[in-house]
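Participant: Sharing a structure here in structure tokens format.
The values are calculated or read from the model by the stated rules, or taken from the named source; none is laboratory data. Since this is a predicted model, take the numbers as computed values, not measurements. Here the Cβ positions follow ideal geometry from the backbone for every residue, glycine too, while neighbour counts run over all protein chains shown. Heavy atoms of the whole protein, side chains included, go into the accessibility calculation; ligands, DNA and RNA do not. Shrake-Rupley method; radii C 1.70, N 1.55, O 1.52, S 1.80 Å.
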Amino acid sequence: TGNRVLRNLCCHLRAGGLLMALHAWTGRVLAESDHNLLFRADGQAEAIRHLDQECILSLRDWQREGYDTHSLAADPLFVDATAGDYHLRPESPALALGFVPLPFQHLPAK
């Protein structure tokens, strides 16, 4: 309970993928969720609220619940995700939301 999901990229590069799956949902599971960038390859932004009931909410419906009111559904503009380059282009909407890119240069090489 009391989880905070702030300034994240929730991306799924395949159509039909889930952006957010919430297990055992109650109003206490998320204390706050906002300023996130949501992207799915087919352009849909959905959040699963009750996995056991398979209640799928659009971003707009999710915002009506009081979550992600400042979040966006938009392409994060990765440099080249298909080639594994997840650096953000300078014009990425994620940066305007306050997302701080991961320091990929410090990760060990594969």
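Participant: Which residue out of Arg14, Arg7, Arg28, Arg40 is open to solvent by 70 Å² or more (accessible area, probe 1.4 Å) and modelled with pLDDT of 80 or more?
Facilitator: Every option except Arg7 fails the conditions.
Participant: Next up: Here is a list of conditions, (1) modelled with pLDDT of 85 or more; (2) surrounded by fewer than 16 Cβ atoms within 10 Å (Cβ to Cβ); (3) not in a strand (DSSP E or B), and Tyr86 meets all of them except one; can you say which number that is?
Facilitator: Unmet for Tyr86, out of (1) modelled with pLDDT of 85 or more; (2) surrounded by fewer than 16 Cβ atoms within 10 Å (Cβ to Cβ); (3) not in a strand (DSSP E or B): (3).
Participant: Turning to a different aspect of this structure: Under the condition of being in contact with a Lys or Arg (Cβ under 9 Å, 6 or more places away or on another chain), among the hydrophobic types (A, V, I, L, M, F, W, C) and not in a strand (DSSP E or B), which residue from region 28-49 is farthest from Arg7 (Cα to Cα)?
Facilitator: This residue is Ala41.
Participant: Another question, if that's okay. Which of the residues spanning region 65-83 are at pLDDT below 90 and open to solvent by 90 Å² or more (accessible area, probe 1.4 Å)?
Facilitator: Scanning region 65-83 gives a single hit, Thr82.
Participant: Same structure again: Of everything in region 89-101 that's assigned to a loop (DSSP other than H, G, I, E, B) and of a type outside the set (Ser, Thr, Tyr), which residue is modelled with the lowest pLDDT?
Facilitator: Going through the qualifying residues, I end up with Pro101.
Participant: Select from region 89-106 the residues that are open to solvent by 90 Å² or more (accessible area, probe 1.4 Å) and polar (S, T, N, Q) and list them in ascending order.
Facilitator: Correct list: Gln105 only.
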